[in-house]
1. Given (1) -0.35, -0.99, -1.26, -1.51; (2) -0.30, -0.89, -1.16, -1.45; (3) -0.28, -0.91, -1.23, -1.61, which label gives log10 I(q)/I(0) by the Debye sum over Cα atoms at q = 0.08, 0.14, 0.16, 0.18 Å⁻¹ as computed from the coordinates?
2. Given an 8 Å cut-off on Cα distances and at least 6 residues of separation, report the relative contact order of region 92-245 as a percent.
3. Give the order of 91, 232 when sorted by the count of other beta carbons within 10 angstrom, beginning with the fewest.
4. What is the Cα centroid distance between region 22-55 and region 66-117, reported in whole angstrom?
5. How do 142, 244 line up, fewest other C-beta atoms within 10 Å first?
6. What ranking do 69, 149 get, fewest neighbouring Cβ atoms within 10 angstrom at the top?
7. Going by a ≥ b ≥ c, the root eigenvalues of the Cα gyration tensor, does region 167-222 fall in the rounded group (a/c under 1.5), the prolate group (a/b larger than b/c) or the oblate group?
8. Taking the mean number of other Cβ atoms within 10 Å as a proxy for protection, how do you rank 179-192, 125-138 from highest to lowest?
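What follows draws every value from the coordinates through simple rules; no lab data is involved. Since we're looking at a predicted model, the values are computed, not measured. In this analysis, Cβ positions are derived from the backbone assuming ideal geometry, glycine residues included, and neighbour counts consider all displayed protein chains.
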């Protein structure tokens, strides 16, 4: 069984245009995500799913693999789905969608996210999750998740969940955008029609939930910080300067 990582990237982000190429410690952000993902045990291939020549040029310049996809694809998982059709993958091979704005991704995060699919093929897909800080809980850029007792996602929102602010001790977790599928399930996801809540929340994983599929959440203790604006970029740069994984590829 192959395990491949697909990293969607496009220049036209509404919140931070051009962010895949923003500079973090002298390297474009997409290079950090690519090289850190490649360090995960069991990963046989890593590729960038792009639609812009600027990204293609940068990825090829640092020796990365890039697969071009149509510009009109708006959802990151769907972009990786389209790109993986260009690869020689079996239906049960695993495709891990790793967002291109997660430059602090730790290789063990990918390993942990993949594990449930290896153990239980009935799971449609897996999402990584992490406990939220108070600041993150109030941040509309974070994807808040509520789950059942088996850690299957019930709902995701950009609004604070759970909403009972009187109970500050309740479970509050966010989605960390590392999402493994089998190739068969990723292509099935691509074929599903868009759903009302997916559109309303602008969260593509709601498409799977609204169509009735199991999305297993797996918690991680590793700190992760998505880059949605310049302030995030500056915070990530400070953290990464002291990061052990960064030291493994900073040459």
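1. After the calculation, the listed value that fits is (3).
2. On the way: 249 pairs, mean separation 54.1, N = 154.
About 35 percent, as a whole number.
3. Numbers: 91 9, 232 19.
Fewest-to-most Cβ neighbours within 10 Å comes out as 91, 232.
4. The two parts, judged by their Cα centres, are 11 Å apart.
5. Result, fewest neighbours first: 244, 142.
6. Ranking 69, 149 by Cβ neighbours within 10 Å, fewest first, gives 149, 69.
7. On the way: a/c = 2.58, a/b = 1.47, b/c = 1.76.
Oblate is the answer for region 167-222, as a/c is 1.5 or above yet b/c matches or exceeds a/b.
8. Ranked from most to least packed, the peptides come out as 179-192, 125-138.
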